[in-house]
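The structure appears below as C-alpha cells.
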Amino acid sequence: MSSISIEDTDGRREILRRMLTIREFDSTAGDLFADGEIPGFVHLYIGEEAVAVGACAALDEEDYITSTHRGHGHCIAKGLDPNRMMAELFGRRDGYCNGKGGSMHIADVEANMLGANGIVGAGPPLATGAALTSQFKGEDRIALAFLGDGAVAQGQVHEAINLAATWDLPAVFLVENNHFGEGTPADEQHNIENLSETAESYNIPGFTVDGMDVTAVNEAVAEARERARNGEGPTLIEADTYRYRGHFEGDPEPYRDEEDVKHWQERDPIDTFAERLIDRGDLTEAELEEMRSEIAAEIEAAVEYARDADLPDPSEAYDDMFGEPVPEIEEFASRLRADGAGGDSR
Amino acid sequence: MSTQPETASSDRTETLTVREAIRAALREEMEQDEDVFVMGEDVGKFGGVLDVTDGLFEQFGGERVRDTPISEAGFVGAGVGAAATGSRPVVEVMFSDFLGVSGEQIMNQMAKMRYMFGGKIEMPVTIRTTEGGGMGAASQHSGTPHTWFAHFPGLKAVTPGTPAAAKGLLKSAIRSNDPVFFFENKMMYEQSGEVPTDPGYTLPIGEASVEREGEDVTVVATQRLVGESLDVAEDLAGETSVEVIDVRSLYPLDTDTLADSIRKTGRMVVADESPISYGVHAEIVTRMVENEFFSLDAPLQRVGVPDTHIPFSSPLEDEVVPDGDDVRDAISQVV
Ligand SMILES: Cc1ncc(C[n+]2csc(CCOP(=O)(O)OP(=O)(O)O)c2C)c(N)n1
Ligand SMILES: [Mg+2]
C-alpha cells in the first residue's frame with residue numbers, strides 16, 4: 001500500500017504539507033548556513049519538492065529509498081523528523097547520525113531511508129542491493145533510487161540499472177533532471193535529450209514526466225512500483241524539474257540567468273498543487289495559510305531543538321568504526337582520556 | 001617536450017597563495033607545451049569548485065580546459081589513454097575521496113601499462129586532487145588517501161607543503177613521463193608565500209626540503225602540517241630546537257635528507273594527515289630504523305588521523321584531524 005493516497009482529500013493535503021515542509025526546512029537551512037550556524041556543504045531542494053513527495057507518497061513505509069547530496073527533500077518526503085534532521089545539520093548528538101554525517105549523509109534505516117550520499121551516482125547500486133535483499137528474502141518491498149541528471153553519466157549507475165534489469169529486481173530509478181550538474185548544463189554532459197531514453201538499452205520501461213507536477217510523478221512511481229512488486233523488474237523515470245537555488249549554498253551561479261529561474265517558478269510545484277486543491281475544495285485559502293504558519297512554527301521549533309541539543313563529546317569520534325571494537329582505536333581513544341585534549345599523536 | 005624535470009633557480013619571486021601557485025604552474029606549462037591540457041568537472045567555465053583553474057578556460061579555450069561529465073572512471077581512464085598516445089593531460093578529480101570511482105583505471109592501467117608493455121609507452125598523466133579535513137565537509141569529502149597511491153607500484157605521489165613547492169612540483173609532475181598524483185590540501189589554498197617567477201622553475205620529484213634547521217628533534221611533515229609545525233618550532237625556540245622538513249614527495253621518498261637530519265637530532269616526529277596505521281608514517285619510520293638505527297635516541301612518533309573517517313561535527317572533526325598541538329605533544333614525548 002502506498003503511504004499517502006493522492007486519491008483522497010487527507011492524502012492530498014498531506015502531500016501539500018510535505019512539499020511545504022521541505023520548502024520551509026530548506027529556506028531556513030539556507031538562512032542558517034548564510035549566518036554561519038550550519039557548517040560544511042549544504043545543497044537545497046527548493047523547486048524540486050514535487051519529485052520527492054510525489055515519489056515517496058507512492059511508496060509503502062517498508063520500501064527503501066536511496067538519496068543524493070541534495071537529500072533533505074527525500075528525507076522529509078519519507079517522513080523523517082525535521083527536529084533530528086536539523087540537529088544533524090547542526091552537528092548535534094541528537095541528529096540522525098549523531099553529528100557524524102551532516103547535511104550530505106542523513107540516514108534513517110528505521111524509515112528505510114538508506115542515506116543521502118556525498119558520492120554522485122553511489123545510490124543506485126545500493127538501491128539495487130536493497131532490491132536484491134527483497135527478492136532474495138521473498139519480501140514485498142521495493143527500492144527506489146533518487147539520482148541527479150549528472151549522476152546518469154556515472155559508470156556505477158549504468159551497472160546498477162543493468163544488474164537490476166537483468167535480475168528483474170524490484171527497483172525504481174528516479175532521475176531528477178534539474179538541468180544542471182553543478183555549473184554544467186545537462187546537455188553538455190549527455191548526448192541524448194531525454195535521459196529516460198537510456199531505459200531502452202536495458203530493455204526496461206522508461207518515462208519522462210513533469211517533475212513540477214506532483215500528481216504526474218506520483219502516478220509514474222505508483223505504476224513502476226506495481227511492476228516491481230509483480231516481478232517485472234525495474235523502471236527508469238526521469239522527472240523534469242529545476243532547482244531554484246545555487247548548486248550549493250554560496251554558489252555564485254555564473255552559469256545561468258535569474259530569468260531562467262523565474263521562468264520555472266511560474267510553474268511552481270507547490271503553488272500549482274495548492275491552487276488545484278483549493279479549486280477542488282480540498283482546502284480553503286484560510287486553511288492553506290494556517291498550514292503554512294503551522295509548518296513555519298514546526299521548522300522554527302526544529303531550529304530551537306537543534307540549537308539546544310548537545311554537541312557530541314570528542315571521545316565519540318572513536319565510536320562506530322566497527323561492530324566489534326579493535327584495540328588500535330581503543331588505544332587512540334584511551335590516549336584522549338589520558339591527556340584530556342585532542343591527542344592523536346603516537 | 002622535456003622528459004626529466006630540470007631545476008632552474010631564479011632570484012626573482014612573487015607572493016602567491018597555494019591556489020595561485022597551482023594556477024600559475026598550469027598556465028605556464030600550457031603555454032610552454034601545447035600537448036598539455038586540463039580536464040575535470042567544472043574546471044572550465046566555472047573555474048573549478050575550489051577556484052583553482054579560474055581564468056584558464058578564458059585563456060586556452062574549451063579544447064584545452066575541458067569540462068567533463070560526472071564520470072571519474074571514464075575521464076581518469078581517458079587521461080590514461082590520452083597520455084599513452086602522446087598527450088599530456090592534467091586531470092582534476094574534484095575531491096580525493098572520488099578517486100574511489102576511478103580505481104580500476106588507476107590500479108590496473110595507469111600504474112601497470114608501462115611495465116606490462118616492457119617499457120614501450122610513456123604515461124605522462126598528472127592527477128590533481130584535494131585532500132583533508134577541517135571544513136566540516138564530512139567523511140566523503142575530507143579524506144586523505146594519498147598513502148594508497150604512494151604505496152601502489154608504478155605511481156608517483158607528491159604532497160606540497162608551501163606555495164613554492166606546489167608550483168615547482170606541479171610543473172615537474174606535468175613534465176614527467178610518469179604518472180604523478182599531486183595532492184593538494186583544501187585548507188591550504190589561501191596560504192601564501194614567496195614563489196619563483198622564472199617559467200623554468202621546477203622542483204625535482206623525490207627531494208625533501210629542510211624548511212627550518214634545528215638540533216633537538218626533527219619534525220617530518222606534509223601539506224598543512226608543514227606550516228603548523230613551523231609555527232610550533234617558532235613557539236618552542238629557545239626551549240627546544242626543532243628542525244622541520246617538508247617531505248614534498250611521498251614516492252619517491254628522499255631518505256637521505258631525512259636520514260641526515262635524524263643523524264643530527266636523534267629524534268623524529270612524523271606528521272601527516274593520513275590515517276596512522278599502515279601509512280606514510282610507517283614508511284618513513286621504517287626507513288629511519290633501517291638506515292639510522294644507531295642514531296635514534298628516542299621512540300619515533302607518529303601524528304595522523306587515528307584510524308577513523310573524518311566526522312562532520314566540529315568537536316569530532318577537531319579531535320581526529322591532527323594539528324600543531326598534536327605535533328607539540330609528540331615533541332614533548334621525546335625531548
Ligand atoms: C563521484 C563524485 N563526483 C563529483 C562530485 C561533486 N559533485 C557533487 S554534486 C555534483 C553535481 C551533481 O549533479 P546531479 O547529479 O545532476 O545532481 P544535482 O546536484 O543537480 O541535484 C557534483 C559534480 C561528487 N560529490 N561525487
Ligand atoms: Mg542535476
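Provide a whole-number value for the mean count of partner chain Cβ atoms within 10 Å of the Cβ atoms in peptide B:68-79.
On the way: counts 4, 12, 14, 10, 7, 4, 3, 1, 0, 1, 0, 0.
For peptide B:68-79, the averaged partner shielding equals 5.
Using alpha carbon centroids, what distance separates the range B:136-186 and the range A:174-253, in Å?
The range B:136-186 and the range A:174-253 have Cα centres separated by 36 Å.
Using the Karplus curve 6.51 cos²θ - 1.76 cosθ + 1.60 with θ = phi - 60°, what ³J(HN,Hα) values do you get for each residue of the range B:184-197, in whole Hz, with x for Gly and Pro?
8, 10, 5, 8, 9, 4, 8, 5, 10, x, 7, 10, x, 8
Just checking the output field for A:153-159: average partner chain Cβ neighbours within 10 Å of each residue's Cβ? Each step should come with its number before you reach the end.
On the way: counts 8, 7, 8, 3, 2, 0, 0.
Counting other chains' Cβ atoms within 10 Å and averaging over A:153-159 gives 4.
Packing-wise, with mean Cβ within 10 Å as the measure, how do A:70-82, A:294-306, B:236-248 rank, highest first? Write out the running numbers ahead of the final one.
On the way: A:70-82: 25.2, A:294-306: 17.1, B:236-248: 21.0.
Put in order of decreasing packing, that is A:70-82, B:236-248, A:294-306.
Along Cα→Cβ, 7 Å out, is where each label goes; now give me the distance between the ones at B:Asp325 and A:Glu285 in nm to one decimal.
5.8 nm
Using the Cα centre of the range B:209-334 as origin and beta-carbon charges of +1 (Lys, Arg) and -1 (Asp, Glu), tell me which of B:Phe294, B:Ile262, B:Ile276 is placed farthest towards the positive end of the dipole.
Checked the options; the winner is B:Phe294.
What distance in nm separates the simple spin-label points at B:Ala282 and A:Val326, each placed 7 Å from Cα in the Cβ direction?
Here the modelled spin labels are 1.0 nm apart.
At a temperature of 20 °C and a viscosity of 1.002 mPa s, determine how fast the protein assembly as shown diffuses translationally according to Stokes-Einstein, using the Kirkwood radius over alpha-carbon pairs as Rh; express D in µm²/s, rounded to the nearest whole number.
Details: Rh = 26.6 Å.
D, rounded to a whole number, is 81 µm²/s.
Please label the shape of the range A:9-311 as rounded, prolate or oblate, based on the square roots a ≥ b ≥ c of the eigenvalues of the alpha-carbon gyration tensor (a/c under 1.5 means rounded; beyond that, a/b larger than b/c means prolate, else oblate). Don't jump to the answer; show the numbers that get you there.
Numbers: a/c = 1.34, a/b = 1.30, b/c = 1.03.
Rounded, because the longest to shortest axis ratio a/c is under 1.5.
Lys and Arg at +1, Asp and Glu at -1: add these up for the other residues within a Cβ distance under 13 Å of B:Pro252 and post the number. The partial results should precede the final answer.
Values: positive: B:Lys156, B:Arg248, B:Arg287; negative: B:Asp178, B:Glu207, B:Asp254, B:Asp256, B:Glu283.
After counting each charged neighbour, the total is -2.
Relative to the compact-globule scaling 2.2 N^0.38 Å, provide the ratio for the alpha-carbon radius of gyration of the range B:31-71.
On the way: Rg = 9.6 Å, N = 41, 2.2 N^0.38 = 9.0 Å.
Computed over Cα atoms of the range B:31-71, the ratio equals 1.06.
Could you check the spin-label model distance between A:Glu223 and B:Tyr115? Points 7 Å from the Cα along Cα→Cβ, value in nm.
Label-label distance for A:Glu223 and B:Tyr115, simple model: 5.4 nm.
Using a Förster radius of 60 Å, what is the FRET efficiency between A:Ala111 and B:Glu63 based on their Cβ-Cβ separation? Nearest 0.05, please.
0.80
Using the Kirkwood formula over every pair of different C-alpha atoms, what hydrodynamic radius in Å results for the range A:165-232? Write out the running numbers ahead of the final one.
On the way: mean 1/r = 0.0750 Å⁻¹.
Taking every pair of different Cα atoms in the range A:165-232, averaging 1/r and inverting gives 13.3 Å.
Can you classify the range B:1-127 as rounded, prolate or oblate using the Cα gyration tensor, where a ≥ b ≥ c are the square roots of its eigenvalues, rounded means a/c under 1.5, and otherwise it's prolate if a/b beats b/c and oblate if not? The partial results should precede the final answer.
Numbers: a/c = 1.84, a/b = 1.23, b/c = 1.50.
Oblate is the answer for the range B:1-127, as a/c is 1.5 or above yet b/c matches or exceeds a/b.
Under 24 Å Cα to Cα from B:Lys156, which lysines show up? Leave out anything in the same chain fewer than 8 places away.
Straight-line reach from B:Lys156, under 24 Å: B:Lys112, B:Lys120, B:Lys167, B:Lys171, B:Lys186.
What is the list of residues in the range B:134-169 whose amide nitrogen lies under 16 Å from a point 7 angstrom out from the Cα of B:Asp198, following Cα to Cβ?
Within reach of a label on B:Asp198: B:164-165, B:167-169.
Restricting everything to alpha-carbon atoms, can you work out Rg to Rh for the range A:1-82 with a Kirkwood hydrodynamic radius? Provide the component values of the computation, followed by the final result.
Values: Rg = 13.3 Å, Rh = 13.2 Å.
Reported Rg/Rh (Cα atoms, Kirkwood Rh): 1.01.
Among residues other than A:Arg93 whose Cβ falls under 9 Å from its Cβ, what is the net charge (Lys/Arg +1, Asp/Glu -1)?
Values: positive: A:Arg92; negative: A:Asp94, A:Asp310, A:Asp313, A:Glu316.
The answer is -3.
Say R0 is 25 Å: what FRET efficiency, to the nearest 0.05, do A:Lys262 and A:Ser27 get from their beta-carbon distance? Intermediate results must be reported in sequence, preceding the final value.
Numbers: r = 17 Å, r/R0 = 0.69.
Once the sixth-power term is evaluated, E becomes 0.90.
Going by amide H atoms built from the backbone, whose H comes under 5 Å of the H on A:Asp60, apart from near neighbours?
A:Ser3
Where Lys and Arg each count +1 and Asp and Glu each count -1, what net charge lies around B:Gly143 among other residues with Cβ under 10 Å from its Cβ? Could the numbers behind the result be given before it?
On the way: positive: none; negative: B:Asp97, B:Glu131, B:Glu273.
Once all neighbours under 10 Å are counted, the net charge is -3.
I need the calculated FRET efficiency for the pair B:Asp235 and A:Leu311, taking r as the beta carbon distance and R₀ as 30 Å, to the nearest 0.05. Walk me through the intermediate numbers first.
Details: r = 29 Å, r/R0 = 0.95.
For R0 = 30 Å, the calculated efficiency reads 0.60.
Considering only C-alpha atoms, what is the centroid distance from the range B:279-330 to the range B:10-63, in Å?
Answer, in whole Å: 33.
Give me the summed buried accessible area for the B-A pair, 1.4 Å probe, to the nearest 100 Å².
Heavy-atom accessible area buried at this interface is about 3600 Å².
What base-10 log of the normalised intensity I(q)/I(0) is obtained for the range B:150-232 from the Debye formula, alpha carbons as equal point scatterers, at q = 0.11 Å⁻¹?
For the range B:150-232 at q = 0.11 Å⁻¹, log10 I(q)/I(0) is -0.32.
Report the Rg/Rh value for chain B, based on alpha-carbon coordinates and the Kirkwood definition of Rh.
Working: Rg = 19.3 Å, Rh = 20.0 Å.
My calculation puts Rg/Rh at 0.96.
Partner chain Cβ atoms within 10 Å, averaged over the residues of A:229-238 - can you pull that number for me? Mind dumping the intermediate values first?
On the way: counts 0, 0, 0, 0, 0, 0, 0, 0, 0, 0.
What the average comes to for A:229-238 is 0.
Calculate log10 I(q)/I(0) of the range B:205-264 for q = 0.13, 0.15, 0.17 Å⁻¹, where I(q) comes from the Debye formula with a single equal point scatterer on each Cα and nothing for solvent.
Computed log10 I(q)/I(0) values: -0.29, -0.39, -0.49.
Counting C-alpha atoms alone, how compact is the range A:246-346: give Rg to one decimal and Dmax as a whole number, in angstrom.
Reported Rg and Dmax, both Å: 24.9, 69.
The values are calculated or read from the model by the stated rules, or taken from the named source; none is laboratory data. The model shown is predicted, which means the values in this text are computed figures rather than measured ones. Don't worry about glycine lacking a Cβ; one is built from the backbone with ideal geometry, like all the others, and counts go over all protein chains shown. The area values use the complete protein model at the heavy-atom level, side chains included, leaving out ligands, DNA and RNA. Shrake-Rupley method; radii C 1.70, N 1.55, O 1.52, S 1.80 Å.
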